[in-house]
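K.L.:
Shown below is the structure under consideration.
Just so it is clear, none of the values below were taken in a lab; they were calculated from the coordinates. Quick caveat: nothing in here was measured; it's all calculated off a predicted structure. Neighbour counts run over all protein chains shown; Cβ positions are idealised from the backbone, glycine included.
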Amino acid sequence: MKLSKTIFTILLVAISTISCSSDDGTDGANGVDGQAGPAGATGTANVIYSAWITAPTAVAETIDGTSGMSTTINAPQLSEDILAKGTILVYVSFGTGTYTLPYTSTAGGFANTITAISTAKKIKLFRFRHDAGGTVGLPTSLNWRYILIPGGVAAATAKNAKLDYAKMSYEEVCVHFNIQL
């Protein structure tokens, strides 16, 4: 009988130990949430953008064996660091809209491309025909704008991660960085 009482006591202790858990109690009341902080200022982070620029008269030039017309706009904040680590977007605007460079069209009856070649503090605008048969003008009536995105800005937040600015329209880039159109 003493043995069965001992076994009964051991079983009772084992069952009560197994059946108890920390989840069986009541939680304390949650505290009141704190006040939201003030909204941050809307801005463009470290993004640099130009006003719309009229470029100087273009001149004939050959680049890497390709003949075309070129002109250069100043970009004083285009640094070696941005060239090495950042993103440089250049846009052309004329009567029918705003386009990202490189921009390919048919002008003067020939397929041609306008592209941007960036160096520290300068952006060369170069237009060439695809058939290498001559040049197509690069008129001063065109307007240009550049947007410089320093390295690290694109990956600074989840909002900016994985964006391909070159595939975004001019309007989408401006909205994303709060740049006045």
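K.L.:
Confirm whether residue 106 is loosely packed, with under 13 Cβ neighbours inside 10 Å and in a strand (DSSP E or B).
P.N.:
The answer is yes for residue 106.
K.L.:
On to the next question. For the stretch 83-120, what are the residues that are more than 22 Å from residue 169 (Cβ to Cβ) and either of a type in the set (Val, Ile, Thr) or touching a Leu at 6+ places or on another chain (Cβ under 9 Å) (or both)?
P.N.:
Residues satisfying the conditions are 117, 119, 120.
K.L.:
Out of the stretch 91-103, which residues are within 17 Å of residue 141 (Cβ to Cβ) and either assigned to a strand (DSSP E or B) or not polar (S, T, N, Q) (or both)?
P.N.:
Those that are within 17 Å of residue 141 (Cβ to Cβ) and either assigned to a strand (DSSP E or B) or not polar (S, T, N, Q) (or both): 91, 92, 93, 94, 95, 97, 98, 99, 101, 103.
K.L.:
Something else about it: Could you check how many residues of the stretch 87-103 are under 18 Å from residue 167 (Cβ atoms) and either of a type in the set (Ser, Thr, Tyr) or surrounded by 15 or more Cβ atoms within 10 Å (Cβ to Cβ) (or both)?
P.N.:
Summing the residues that are under 18 Å from residue 167 (Cβ atoms) and either of a type in the set (Ser, Thr, Tyr) or surrounded by 15 or more Cβ atoms within 10 Å (Cβ to Cβ) (or both) in the stretch 87-103 gives 11.
K.L.:
Restricting the search to the stretch 122-135, which residues are loosely packed, with under 13 Cβ neighbours inside 10 Å and either among the acidic types (Asp, Glu) or without any contact (Cβ under 8 Å) to a residue 60 or more places away in the chain (or both)?
P.N.:
130, 131, 133
K.L.:
Sticking with this one: Of the conditions (1) in contact (Cβ under 8 Å) with a residue 12 or more places away in the chain; (2) within 23 Å of residue 169 (Cα to Cα); (3) outside any loop (DSSP other than H, G, I, E, B), residue 138 fails just one. Which one is it?
P.N.:
(3)
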